[in-house]
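S.K.: This is the structure I want to talk about, given as structure tokens.
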Amino acid sequence: MKRAISIKLGLVLLFTATMVKPCFAQKSIDSLLNIGNFELYENPNKAINIGIKILNAEECTDEFEIEALLLISTAYSSKRNYEKSLLYATRALNVLPQINDDAFKVRVYNRIGLQYQQLKMYDNALLYLDKALQIATASKQKKNFDKLIGFNYAGRGFIYREQMSCDIAQNYFNKSLYYFKRNLKAPLMNANLSIISYNKGNCFIASNQIDSAKISFNQAIDFSKKIEANSLEAFAYKGLAEVHTSEGNHLLAIKQLTDALKIAEQVGDLVLNEGIYKGLADNYLAVNKHELYHKYVLKYNEIKKQTHDAETKTINQLIVQDDKEATIKIEQQKSSALYYRIPLISLIVLLIGLCFFEFFRYKKKYKKLKTDKVNLEKQSS
């Protein structure tokens, strides 16, 4: 059976009854991480549980902690729970000062940047992607950053594609392909190539380059089949269906969308299902099959609401968090100003007091001198 893999450029600790952390050898943790990464989109709950097990392990080093937190973050992202995804990614960010590994820093910044991209908070996304790229290009450490730079450029491509700046997006996608192809032997690299080819196909459709779109979607299918990545194959067939829809070949589009749906329903990817339902609704309407049109437009609206609600909830909480942080900063500034103001006021009061003291002392001394002078004059006379 094919494994459903979808790579998206996407704490509660469990204690035992005796409150003893489980023991794993380092090799076992590596194996758990590999299993978790394969389960990310087919069974994200299993990936989350694996990540929590690693966090609870006695052998959980800072590096393994970051690996586990990124695993959990990505799994929640696949469930469209963006709030928790950002929570765990931010926790990974907080661990970074404890290690001296630029590759981990780039991975964490990439992850947060891509999460903000999914939320369409593009300024925040580019902020973190810029930090990641700066570290990767300036690092003196002997590490291979090609794959991480490929992810970074892919994230930038997603941002500009979503903003309909397809020329800029294609430039970043081509850069991403360049870096990915330098690491063809890396695990799941064909999945990354499938994703980029699919997104290039979407850009070609947007710019009405239909033949180029077909080539890109077929390349995406070929890359996905090499690793039996069902969800990526479904995405690519959905893309081909869009090409057939634009050409007016609605029956062929319906066939490919139906095949894609059989795969997608096993995966449970909301975004994938949303796109397929919309495609089926549009094409059934075009061939005057109104009952089927209403069936799929209803499914499309339901799933769109789920994804929209998840995004809105996370964005609202981020806004509240920013407001709280701004309020705290203002209060800190007030406290800081007061902290420096009190000694200053005390110093001024002291200086004024000294001035008055000197004034009265001088006045008293002057009065005495005047009296002495008068007495002296009397004696002289």
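The values are calculated or read from the model by the stated rules, or taken from the named source; none is laboratory data. From a predicted model like this one, the values you see are computed outputs, not experimental measurements. Heads up, the Cβs are rebuilt from the backbone with ideal geometry, glycines too, and the neighbour counts pull from every protein chain shown.
S.K.: What about Ser73, is it at pLDDT below 90, buried (at least 19 other Cβ atoms within 10 Å of the Cβ), touching a Lys or Arg at 6+ places or on another chain (Cβ under 9 Å) and under 15 Å from Leu119 (Cβ atoms)?
M.R.: For Ser73, the condition - at pLDDT below 90, buried (at least 19 other Cβ atoms within 10 Å of the Cβ), touching a Lys or Arg at 6+ places or on another chain (Cβ under 9 Å) and under 15 Å from Leu119 (Cβ atoms) - is not met.
S.K.: Name the residues in region 219-228 that are of a type outside the set (Phe, Trp, Tyr) and either modelled with pLDDT under 90 or surrounded by 16 or more Cβ atoms within 10 Å (Cβ to Cβ) (or both), would you?
M.R.: Matches in region 219-228: Gln219, Ala220, Ile221, Ser224, Lys225, Lys226, Ile227, Glu228.
Every residue, every condition in (1) charged (D, E, K, R); (2) over 22 Å from Leu272 (Cβ atoms); (3) part of a loop (DSSP other than H, G, I, E, B); (4) in the same structural domain as Tyr178 (by TED's automatic domain parsing), yes or no:
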| position | (1), (2), (3), (4) |
| --- | --- |
| Gly51 | no, yes, no, no |
| Ser73 | no, no, no, no |
| Gln115 | no, no, no, yes |
| Lys120 | yes, no, yes, yes |
| Tyr128 | no, yes, no, yes |
| Lys140 | yes, yes, yes, yes |
| Ile149 | no, yes, no, yes |
| Asn152 | no, yes, no, yes |
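S.K.: Right, another one. Are there any pairs, at least 6 apart or on different chains, whose C-beta atoms fall under 7 Å, with the first in region 288-307 and outside the structural domain of Tyr82 (by TED's automatic domain parsing) and the second among the small types (Gly, Ala, Ser) and surrounded by 13 or more Cβ atoms within 10 Å (Cβ to Cβ), and if so, which?
M.R.: Qualifying pairs under 7 Å: Tyr293/Ala281; Tyr296/Ala281; Val297/Ala281; Tyr300/Ala281.
S.K.: Separate question: Condition first: surrounded by 18 or more Cβ atoms within 10 Å (Cβ to Cβ) and among the hydrophobic types (A, V, I, L, M, F, W, C). Now tell me which residues in region 41-70 satisfy that.
M.R.: Ala47, Ile48, Ile50, Ile54, Leu55, Ala57, Cys60, Phe64, Ile66, Ala68, Leu69, Leu70
Results for (1) among the β-branched types (Val, Ile, Thr); (2) within 24 Å of the chain's Cα centre (by Cα), shown as yes or no for each residue.
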site	(1), (2)
Tyr178	no, yes
Arg182	no, no
Ala186	no, yes
Ile221	yes, no
Ile227	yes, no
Asn230	no, no
